[in-house]
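Asks: This structure is in structure tokens; I'll ask about it shortly.
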Amino acid sequence: MTTAPADTAFQIQEPLWKIRLRIAWKGLKQNWALFTENKIGLVGLGIILFFGLMALAHPILMHTVWEPNIYDPFIGNDPTILRHPSPPSPRHLLGTDPVGRDVLSQLMYSTQSEFILGLLAAVVTVTIATSVGAISAYFGGALDAFFMRLADLINILPFIALLVVLTAFFDFGMIELALLIGVLSGFGGTTIIFKAQALTIKVKPYIEAAKVAGGSDLHIIFRHIVPNLMPLAFLNMMFTVTGAIFSEAALSFFGLLNLRMSWGIMINTTQAAGYLLGGWKYWYLIVPPGLAITLLCSAFYLVGRALDEVVNPRLRRR
Amino acid sequence: MLKYIANRLLQIIVTLFIFFALTYFILDAQPGDITLQYVNNPKFTKEQREALRRRLGLDKPAYVRFFQWMGNTLRGDLGESYQYRKPVMDVLLERAPRTIFLFLTATLIEFFVGYWLGRVLAWQRGTGLEYGITVVGAFFYTVFTPWFALMMIYLFGFTLKWFPIGKFLDVNLWRTAPKGLTANDIFVNLLLTMTILGAALVVVYYLTRRMNPYRASLIRWSALIGGAAITVGFWASSPVAKYAGDILYHMALPIIVLTLINFSGTMLLTRTTMLETLREDYIMAARAKGLPERVVRDKHAARNAVLPVFTSLIISLPFILGGGIITETVFSWEGLGLTLLTASTTGDIPLVMGSFLFIGTLALLAHLVADIAYAFLDPRIRYA
């Protein structure tokens, strides 16, 4: 493939990987142009970048400006302040929580784990959903019925009861939670969407051509169907991130998760200490984590919306 | 078609069996059981606890209890709740009307608002209005529900005092209520009125289907306004008007919150399907005929875009029974969702299984109904 026959008039000078790279780059540029047409996606991307910087800034600040035993998100305490929670001050830009820990430090520390949670859950979901969706669309029949009923089953499964049980058995951290959300949504609702898409790909002429050329089932599924599911997969990842962050926050809020620190835990701490309905006087305990959850979730959602128009030509403006 | 339905029903039965087995063993695997509720009581000895466990059958292995539960359920006996010492059926029948009435009303309002806004959104493509509504919609769609609901309660219930905080009735008012009148009577009757009104409107819609569009819409609007007026008049003149009004007043804030949280899902779905429909040839044909934009939008595009929205409505209906656990907790609305949460954390297995029996069966049937309804609404879809 890399060496063209010598007698052809037209000879390819460049190595193949360079050509492939150029084509990929060109496609990326086109898609970026389509993406930027939609201002909504840029707003979402901006918010995500902002949170990304926050996550990166936390370890740097901890090593330089912030004194570790005052600003530590778990065990920090400021001895110069007598009464906690204390309102925002130059020392603590968002105040301190009921136990005397810095709210801004907690917020920034949690950002890292929210990103890890969201992205890991999304990757797991999409990997499972793409393969299962492609396989059940391609083979159909009993296999298809099995996976679809499995999806139904997971959709009606009591997620909260399941988590209560699992938290009792295992030490449940962010990674385990991300894997669980990924597996459940991968075999659950997301598969149904991917299967529907894979069904429309399965009837395309190039699949027939691949079959005639003697391609094996696995070759057709992973070389022809799955690559065509990729745009949808990328889009769905955005929505899964939103769902994962939201689930973590809701479960932590009810005190059902055994995590060390997260935005949901911050709200839960506030509620457990009885400051939740204390009025605007304690806004710095509830507004920052609540707003952070909402903003990051909607940012990923908005990016997903904008990607939808890149992926689905029927949604584009004429 | 019949073969397809029969096949799906068979699959539903198998799925339900696996679902019940799974949930039963998950619940059973939870650490501790209901008898540990009394562990802090010094008068409750270890022997008494063992006796209680034997009486509840908790000493038998889980699979024996599961098949016993399954057999009893098939005979129509859901057992007795450990917490309430009442048949599970009674507890569920007591809690269901509140949840259904609240969430059904909220869902209907939310779908109506979402569909209407989504239609506008698709038509205002690329304008500032579209960006504004989408950003606001995405904010509400992804807002952290407990946080948002608490903020709303704080603002409207506590600071402005427009709406009452929590629960669904005012205890002081109900103390003077006539003997024998319970909140559930009101809920059941309100639901009944809503069903009758809804059925009447559907009948009117079908009777006027083949009429001249202008006359049909006149008749439909007058039926809607007349029906609503008769209902309100009937309830206002009844002796329990004060109490029904109290319940509705308590319902207002939860409904506002639920609508704000959920409308944007429908709105964004309508917008997407509408934009896809606009690419169809028949839209171009309608425009080429010189039809006014409003007619193209309402009669040609929206009618076809409503299909996925309608499906999502049917699929979301069974979750009305489950209720929003979050919403019910925040508003202390003692419906099915809150019952399910407390029952599953205290180990009240019969009550949890009873709730899941309703929710699971309805969810799977709704999925089937949605698939069949789709085939009827869209003649292009055929099931082999």
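Asks: Of the residues that sit in segment B:137-161 and are in contact (Cβ under 8 Å) with a residue 24 or more places away in the chain and more than 10 Å from chain A (Cβ to nearest Cβ), which one is farthest from B:GLU328 (Cα to Cα)?
Replies: B:PHE156
Asks: Ok, one more. A:ALA244 fails exactly one of the following numbered conditions: (1) part of a helix (DSSP H, G or I); (2) more than 11 Å from every other protein chain (Cβ to nearest Cβ); (3) out of contact with any Gly (no Cβ under 6 Å at 6 or more places or on another chain). What is the number of that condition?
Replies: The single condition A:ALA244 does not satisfy is (3).
Asks: Can you name every one of the helices (runs of 4 or more DSSP H) wholly within segment B:285-372 that holds 1 or more residues which are among the hydroxyl-bearing types (Ser, Thr, Tyr)?
Replies: On the way: elements: B:302-316, B:318-322, B:325-330, B:336-346.
Result: B:302-316, B:325-330, B:336-346.
Asks: I would also like to ask the following. I'm trying to understand the selection: among the residues of segment B:245-279, which are closer than 16 Å to B:ALA305 by Cα and among the acidic types (Asp, Glu)?
Replies: Across segment B:245-279, the qualifying residue is only B:GLU276.
Asks: Within segment A:284-310, which residues are farther than 30 Å from A:PHE35 by Cα and facing chain B (nearest Cβ under 10 Å)?
Replies: Selection gives A:ILE286, A:VAL287.
Asks: Do we find that B:ALA106 is of a type outside the set (Val, Ile, Thr), more than 12 Å from every other protein chain (Cβ to nearest Cβ), out of contact with any strand residue (DSSP E or B) (no Cβ under 6 Å at 6 or more places or on another chain) and surrounded by 17 or more Cβ atoms within 10 Å (Cβ to Cβ) in this structure? Break it down into steps so the answer makes sense when it comes.
Replies: Details: of a type outside the set (Val, Ile, Thr): yes; more than 12 Å from every other protein chain (Cβ to nearest Cβ): yes; out of contact with any strand residue (DSSP E or B) (no Cβ under 6 Å at 6 or more places or on another chain): yes; surrounded by 17 or more Cβ atoms within 10 Å (Cβ to Cβ): yes.
Criteria met by B:ALA106.
Asks: Residues that are away from chain A (no Cβ under 14 Å) and touching a residue at least 24 places away in the same chain (Cβ under 8 Å): does segment B:122-135 have at least one? I'd like the intermediate steps shown before the answer.
Replies: Keep residues of segment B:122-135 that are away from chain A (no Cβ under 14 Å), which gives none.
Checked segment B:122-135: no residue is away from chain A (no Cβ under 14 Å) and touching a residue at least 24 places away in the same chain (Cβ under 8 Å).
Asks: Looking at segment B:126-199, what helices (runs of 4 or more DSSP H) fall wholly within it and have at least 1 residues that are under 21 Å from the mean Cα position of the chain (by Cα), more than 30 Å from B:PRO239 (Cα to Cα) and among the polar types (S, T, N, Q)?
Replies: Numbers: elements: B:128-142, B:145-152, B:171-175.
Answer list for segment B:126-199: B:128-142, B:145-152.
Asks: Restricting attention to segment B:70-95, report how many residues are closer than 20 Å to B:THR345 by Cα and not in a loop (DSSP other than H, G, I, E, B). Don't jump to the end; show me each part of the working.
Replies: Start the filter on segment B:70-95 by keeping residues that are closer than 20 Å to B:THR345 by Cα, which leaves B:78-89, B:91-92, B:95.
The next check asks that each one be not in a loop (DSSP other than H, G, I, E, B); those that pass are B:80, B:87-89, B:91-92, B:95.
Of the residues in that region, 7 qualify.
Asks: Tell me yes or no: at least one residue of segment B:129-147 is of a type in the set (D, E, K, R) and closer than 30 Å to A:ASN268 by Cβ.
Replies: Of the residues in segment B:129-147, the ones of a type in the set (D, E, K, R) are B:130.
Still in the running and closer than 30 Å to A:ASN268 by Cβ: none.
No - not one qualifying residue is present in segment B:129-147.
Asks: Do you know which residues across segment A:15-51 are within 30 Å of A:ILE245 (Cα to Cα) and among the aromatic types (Phe, Trp, Tyr)?
Replies: Selection gives A:TRP32, A:PHE35, A:PHE50, A:PHE51.
Residue by residue, here is whether (1) at pLDDT 85 or above; (2) within 14 Å of another protein chain (Cβ to nearest Cβ) holds:
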| site | (1), (2) |
| --- | --- |
| B:MET1 | no, no |
| B:TYR4 | no, yes |
| B:THR35 | no, no |
| B:LEU52 | no, no |
| B:ARG55 | no, no |
| B:TYR63 | yes, no |
| B:THR73 | yes, no |
| B:MET89 | yes, no |
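Asks: Is it fair to say A:ILE245 is modelled with pLDDT of 85 or more and either within 23 Å of A:ALA196 (Cβ to Cβ) or surrounded by fewer than 22 Cβ atoms within 10 Å (Cβ to Cβ) (or both)?
Replies: no
Asks: While we're on this one: Looking at A:LEU45, A:LEU34, A:LEU16, can you tell me which residue is modelled with pLDDT of 85 or more and surrounded by 10 or more Cβ atoms within 10 Å (Cβ to Cβ)? Before the answer, list the steps.
Replies: Numbers: A:LEU34 fails: modelled with pLDDT of 85 or more; A:LEU16 fails: modelled with pLDDT of 85 or more.
Step by step, each of A:LEU45, A:LEU34, A:LEU16 is checked, and only A:LEU45 is modelled with pLDDT of 85 or more and surrounded by 10 or more Cβ atoms within 10 Å (Cβ to Cβ).
Asks: Within segment A:275-283, does at least one residue satisfy the condition of being in a helix (DSSP H, G or I), surrounded by 19 or more Cβ atoms within 10 Å (Cβ to Cβ), within 14 Å of another protein chain (Cβ to nearest Cβ) and touching a residue at least 12 places away in the same chain (Cβ under 8 Å)?
Replies: Taking segment A:275-283 and keeping what is in a helix (DSSP H, G or I), we get A:280-283.
Remaining after also requiring surrounded by 19 or more Cβ atoms within 10 Å (Cβ to Cβ): A:282.
With within 14 Å of another protein chain (Cβ to nearest Cβ) added as a condition, the list becomes A:282.
Still in the running and touching a residue at least 12 places away in the same chain (Cβ under 8 Å): A:282.
Yes, segment A:275-283 contains at least one residue that is in a helix (DSSP H, G or I), surrounded by 19 or more Cβ atoms within 10 Å (Cβ to Cβ), within 14 Å of another protein chain (Cβ to nearest Cβ) and touching a residue at least 12 places away in the same chain (Cβ under 8 Å).
The values are calculated or read from the model by the stated rules, or taken from the named source; none is laboratory data. Keep in mind it's a predicted model, so treat the numbers as computed, not measured. Ideal geometry is used to build each Cβ from the backbone, glycine not excepted, and the neighbour counts take in all protein chains shown.
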